[in-house]
Amino acid sequence: MIHRIAIASRDGKMVNEHFGHARRFIIVDLYDDGNYFVREVRECINACGGDDFYDRMNIVIDKIKDCEAVFVCMIGNAAIMRLKERGIKAYVNPGFIEDVLKDYLINSVGGD
């Protein structure tokens, strides 16, 4: 099975970006054997960029709507709820991308 994951990262190595501040998401296809493929980098606006927060958040969520999960270093409750409504799980898990993906397979996918 393939799991499409969005990762908020400033450097492409670590999960190190707040959901509302992210201007890009690394999209990976994660396989059950632990291997993953970087599909693309999706540029976007940041959700916390102005008075139109909810409109901006919807634009950001639309960018990752084909993902089952998003990894961030921080996220607010409003964003967690909006993502959940769209079927996307939010994980606050800062660290190296490879380690975070392994943890996801062991604790979330394997534990379901």
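The values are calculated or read from the model by the stated rules, or taken from the named source; none is laboratory data. Treat the numbers as computed from the prediction; the structure is a model and nothing was measured. When we count neighbours, we look across all protein chains shown, and the Cβ atoms used for this are built from the backbone with ideal geometry, even at glycine. Just the protein is used for accessible areas: all its heavy atoms, side chains included, with ligands, DNA and RNA removed. Shrake-Rupley method; radii C 1.70, N 1.55, O 1.52, S 1.80 Å.
Tabulated values for the structure
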read-out	value
Unit charges on C-beta of K, R, D, E only; dipole of the chain, Debye	220 debye
Accessible surface, the chain, averaged per residue in Å² (probe 1.4 Å)	55 Å²
Positive-end extreme of charge dipole, the chain - chosen from VAL109, MET57, VAL92 (charges on Cβ)	MET57
Built amide H within the under 5 Å cut-off of GLY95, gap 5+	VAL15
Most to least accessible of MET57, MET74, MET1 (protein chains only, probe 1.4 Å)	MET1, MET74, MET57
For the chain, share of DSSP beta bridges that run antiparallel, in % to the nearest 5	65 percent
Heavy-atom accessible surface of the chain: percent carbon and sulfur, 1.4 Å	50 percent
Computed [θ] at 222 nm, deg cm²/dmol, the chain (DSSP H ≥ 4; -39,500 (n - 2.57); rounded to nearest 500)	-7000 deg cm²/dmol
Modelled FRET efficiency - R0 35 Å, VAL109 with ASP51, Cβ distances, 0.05 increments	0.35
DSSP loop trypsin sites (Lys or Arg not before Pro) with at most 15 other Cβ within 10 Å: longest gap in the chain	24-64
